[in-house]
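Down below is the structure, laid out as structure tokens.
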Amino acid sequence: MRYISTRGDARQSQKKSFTEILLGGLAPDGGLYLPEEYPQVTRAELDQWRGYSYADLAFAVLSKFVDDIPPADLKALVDKTYTAEVYCNGRDAGKAREITPVRWLEPGLGLLELSNGPTLAFKDMAMQLLGNLFEYVLEKKGEEINILGATSGDTGSAAEYAMRGKHGVRVFMLSPHGRMSAFQRAQMYSLQDANIFNIAVRGMFDDAQDIVKAVSNDHEFKARYKIGAVNSINWARVAAQVIYYFKGYFAGTKSNDEQIAFSVPSGNFGNICAGHIARMMGLPIGRLVLATNENDVLDEFFRTGVYRPRGTADTWTTSSPSMDISKASNFERFVFDLVGRDPAVVRELWSKVDAGGSFDLSATPYFSELPKFGFVSGKSVHADRLATIRHAYEHYGVMLDTHTADGLKVALEHRAKGMSTLVLETALPAKFEETIVEALGRRPERPAAMIGIEELPQRVEVIDVDVDAVKRLIVRNVGER
Ligand SMILES: *Cc1c(COP(=O)(O)O)cnc(C)c1O
């Protein structure tokens with residue numbers, strides 16, 4: 001399996017292997033990596049895979065994308081990643097063993113539980129694997145990496161819990177000082193692992209993000225101190241998310257003759273991009289329902305053919321904050337397929353996006369091709385979110401997180417006859433207490449392991465918005481190079 005860039009030329013020398021792109025982000029030409037062609041699953045494979053455990057399914061799916069890690073090693077890595085101990089959160093052992101069980105709300109409508117990992121959000125599903133893959137590959141190469149990132153919550157904690165204690169990896173995570181919830185702060189800052197560095201910046205999330213960009217643009221420093229990232233465009237993260245679409249399909253259907261619909265709360269288009277890839281591999285997905293919050297860049301595209309990223313100033317701060325995006329960083333992967341995998345077209349479209357503009361496909365043949373890809377979309381705003389959380393609690397006795405509520409709201413608008421729908425549960429309500437209290441007048445339950453974490457000692461360094469201060473902090477902890 002070779003990987004190509006969405007903006008690149010097709011010369012053999014430009015093609016990369018899985019481990020060559022594992023530690024990187026963007027391709028050198030600014031594009032995103034994708035497999036040269038999507039591996040296909042046969043009917044015989046589907047029949048066989050239906051009975052697999054999560055770890056066995058992970059091995060089967062990933063083996064289609066990875067050919068430069070010996071199979072026995074890859075098997076050991078997935079076995080170590082997808083265990084009932086890592087994805088339990090106080091559930092009974094039977095459910096925990098399924099890793100991503102389905103909770104049926106009514107016949108034909110269920111939740112695919114993806115949020116029982118250590119940080120209570122679906123990002124653990126892929127990030128935990130990434131932690132083990134990074135450690136393995138770095139050890140083989142005799143290298144190390146210093147991950148630098150900025151977070152306003154979910155991604156940073158998922159990265160820290162995946163990388164804690166891993167050899168060859170350090171994490172320097174910037175967060176906006178005093179702007180995360182007490183629970184989010186406790187989750188990250190209470191980690192005492194020697195390779196995790198929490199840095200609270202006296203500023204906003206965007207200030208933290210700008211520091212990360214400035215450090216990464218200092219190519220000399222970046223190379224010398226082996227600075228890397230684990231952002232949502234990382235190909236291995238997308239590949240790891242493909243697995244649970246297969247698991248969900250088998251749990252939600254009785255035979256491989258059936259089709260299924262998935263509803264996906266979306267921001268950066270990473271999660272649903274994995275669904276698109278599963279579908280391109282031949283998994284019988286009838287519909288991919290894309291749900292956005294008030295930040296409806298993607299809903300607008302699927303309805304109108306216009307992709308119009310907003311500036312940060314026009315990005316709403318909402319009660320489903322992990323979907324507050326102005327630009328969908330993985331969207332380019334889908335558009336590459338939509339335009340017949342022609343990198344010249346992608347280059348032209350993104351020359352507009354990268355200059356702060358938009359593009360309109362409505363009058364092109366590509367837009368007529370869109371239905372072929374199975375997407376429908378919709379949007380959910382704060383009042384919808386509250387109403388959906390109440391509805392689910394009253395009718396199904398289930399407490400939903402705010403993002404999952406957006407997914408359910410839009411799923412209900414697009415239900416198809418004779419096809420089950422699974423809503424991807426992207427976080428547990430315990431992460432977003434305030435909005436749950438607003439909707440239901442009561443607090444969500446917390447998994448036992450998280451009770452009282454606000455009381456634990458915290459390890460965090462507070463600094464001004466200052467690029468050099470961050471560089472000095474890195475040098476101090478990595479040692480002069
Ligand atoms: C990251 C996140 C999303 C959005 O996922 P994308 O892959 O960025 O589309 C939705 N819900 C939660 C809880 C998240 O953490």
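The values are calculated or read from the model by the stated rules, or taken from the named source; none is laboratory data. Given the structure is predicted, the values throughout are model-derived calculations rather than measurements. Ideal geometry is used to build each Cβ from the backbone, glycine not excepted, and the neighbour counts take in all protein chains shown.
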ask   = What single numbered condition from (1) over 30 Å from residue 349 (Cβ atoms); (2) touching an Asp or Glu at 6+ places or on another chain (Cβ under 7 Å); (3) in a loop (DSSP other than H, G, I, E, B) fails to hold for residue 7?
value = (1)
note = Counting only residues in the stretch 322-335 that are near the ligand (Cβ under 10 Å from one of its atoms) and polar (S, T, N, Q), the one modelled with the highest pLDDT is identified as 330
remark   = Expected single match for touching an Asp or Glu at 6+ places or on another chain (Cβ under 7 Å) and among the hydroxyl-bearing types (Ser, Thr, Tyr) among 157, 115, 152 is 115
Residues that are of a type in the set (Gly, Ala, Ser) and over 23 Å from residue 134 (Cβ atoms), drawn from the stretch 171-220 = 178, 181, 182, 186, 200, 203, 214
query = Is it true that residue 65 is touching a residue at least 12 places away in the same chain (Cβ under 8 Å), aromatic (Phe, Trp, Tyr) and in a helix (DSSP H, G or I)?
reply = no
query = Do we find that residue 282 is farther than 23 Å from residue 123 by Cβ and more than 16 Å from the ligand (Cβ to nearest atom) in this structure?
reply = yes
message = Any residue at all in the stretch 48-55 that's in contact (Cβ under 8 Å) with a residue 60 or more places away in the chain, outside any loop (DSSP other than H, G, I, E, B) and more than 19 Å from residue 236 (Cα to Cα)?
response = yes
Search result, residues across the stretch 286-321 that are within 10 Å of the ligand (Cβ to nearest atom) and either β-branched (Val, Ile, Thr) or more than 25 Å from residue 31 (Cβ to Cβ) (or both) = 291, 292, 293, 320, 321
message = Within the stretch 19-42, does at least one residue satisfy the condition of being in contact with a strand residue (DSSP E or B) (Cβ under 7 Å, 6 or more places away or on another chain), among the charged types (D, E, K, R), outside any helix (DSSP H, G or I) and touching a residue at least 24 places away in the same chain (Cβ under 8 Å)?
response = yes
request  = State whether one or more residues within the stretch 29-38 are surrounded by 15 or more Cβ atoms within 10 Å (Cβ to Cβ), small (Gly, Ala, Ser) and closer than 21 Å to residue 123 by Cβ.
outcome  = no
key: Selection count, the stretch 199-209, where residues are within 21 Å of the chain's Cα centre (by Cα) and crowded, with 17+ Cβ neighbours inside 10 Å   = 3
ask   = How many residues, within the stretch 177-196, are farther than 17 Å from residue 119 by Cα and at pLDDT 95 or above?
value = 2
inquiry  = Tell me the residue from 371, 365 that is at pLDDT below 95 and either out of contact with any Phe, Trp or Tyr (no Cβ under 7 Å at 6 or more places or on another chain) or crowded, with 23+ Cβ neighbours inside 10 Å (or both), please.
reply    = 371
note = In the stretch 226-277, anything hydrophobic (A, V, I, L, M, F, W, C) and within 11 Å of the ligand (Cβ to nearest atom) is listed as 233, 238, 264, 269, 272, 273, 274
key: Filter result for the condition that a residue is of a type outside the set (A, V, I, L, M), free of Cβ contacts under 8 Å to residues at least 40 places away in the same chain and touching a strand residue (DSSP E or B) at 6+ places or on another chain (Cβ under 7 Å), over 225, 245, 249   = 249
query = Given the conditions (1) within 16 Å of the ligand (Cβ to nearest atom); (2) of a type in the set (A, V, I, L, M, F, W, C); (3) surrounded by 21 or more Cβ atoms within 10 Å (Cβ to Cβ), and given that residue 183 satisfies all but one, which numbered condition is not satisfied?
reply = (3)
message = For the stretch 370-481, give me every one of the strands (runs of 3 or more DSSP E) that falls completely inside it and has 3 or more residues that are of a type outside the set (Phe, Trp, Tyr) and either within 15 Å of the ligand (Cβ to nearest atom) or in contact with a Gly (Cβ under 9 Å, 6 or more places away or on another chain) (or both).
response = 375-379, 420-425
remark   = Log entry, pairs with first residue in the stretch 255-269 being closer than 13 Å to residue 331 by Cβ and modelled with pLDDT under 95, second being within 12 Å of the ligand (Cβ to nearest atom) and in a strand (DSSP E or B), beta carbons closer than 8 Å, six or more apart or on different chains, reads 267/292
inquiry  = Just checking: which of the helices (runs of 4 or more DSSP H) contained wholly in the stretch 71-176 hold 1 or more residues that are in contact with a His (Cβ under 6 Å, 6 or more places away or on another chain), away from the ligand (no atom under 16 Å from the Cβ) and not β-branched (Val, Ile, Thr)?
reply    = 123-141
